[in-house]
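The values are calculated or read from the model by the stated rules, or taken from the named source; none is laboratory data. Quantities reported herein were computed from a predicted structural model and do not represent experimental measurements. Cβ placement follows ideal geometry from the backbone for every residue including glycine, while neighbour counts extend to all protein chains displayed.
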Ligand code: SF4
């Protein structure tokens, strides 16, 4: 009979050199491995896509498998801003404030058509994509995206987190990108 123990898979060891009693690898690979498997998301859910996220957190899909079950409603203790739902223009400054309050390194996942492009709400009151006010790392398509798609988006974020250089956040290119958004 299958036990819980034999369903657990271990994270892959980063590339390195190993021998009797030692294993050596690069610091950024170890940091990437740790960060990738302990991302704390901040769910900024405003409408129906948020319901799909609730299913993603439930026992069937179980985001805890990715080390991300610890949701943070405090921006300072979050690594990943997940924006799910229609963002009205009036809500834009609040979303931006939440992003600015997050500490570096931080990532953004735009879930669903509304967050990514305004979706079906091509109207004067709806923001036509959150990337008009904050940088986005990964977009999840769909209206509404299924939990599998949200998980796929989280896995793409995990890949970015794992492979990001430790120096990227201090690079002139990154600062220039934030400056384009008027973020210091
Ligand atoms: S993308 Fe579709 S499901 Fe998601 S918030 Fe917009 S209307 Fe709702």
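Do we find that residue 59 is more than 16 Å from the ligand (Cβ to nearest atom), surrounded by 20 or more Cβ atoms within 10 Å (Cβ to Cβ) and free of Cβ contacts under 8 Å to residues at least 40 places away in the same chain in this structure?
no
Answer yes or no as to whether residue 59 is at pLDDT below 95 and assigned to a loop (DSSP other than H, G, I, E, B).
yes
Which of the residues belonging to segment 94-123 are surrounded by fewer than 16 Cβ atoms within 10 Å (Cβ to Cβ) and without any contact (Cβ under 8 Å) to a residue 24 or more places away in the chain?
Those that are surrounded by fewer than 16 Cβ atoms within 10 Å (Cβ to Cβ) and without any contact (Cβ under 8 Å) to a residue 24 or more places away in the chain: 94, 97, 120, 122, 123.
Just the residues that are more than 13 Å from the ligand (Cβ to nearest atom) and more than 11 Å from residue 82 (Cα to Cα), please, taken from segment 133-147.
Across segment 133-147, the qualifying residues are 133, 134, 135.
Counting only residues that are within 16 Å of the ligand (Cβ to nearest atom) and either closer than 12 Å to residue 150 by Cβ or touching a helix residue (DSSP H, G or I) at 6+ places or on another chain (Cβ under 6 Å) (or both), how many does segment 14-56 have?
10
Go through segment 151-173 and report how many residues are in contact with a strand residue (DSSP E or B) (Cβ under 6 Å, 6 or more places away or on another chain) and within 16 Å of the ligand (Cβ to nearest atom).
So the answer is 1.
For segment 74-132, enumerate the residues that are within 13 Å of the ligand (Cβ to nearest atom), closer than 20 Å to residue 180 by Cβ and in a loop (DSSP other than H, G, I, E, B).
Result: 87, 127, 128, 129.
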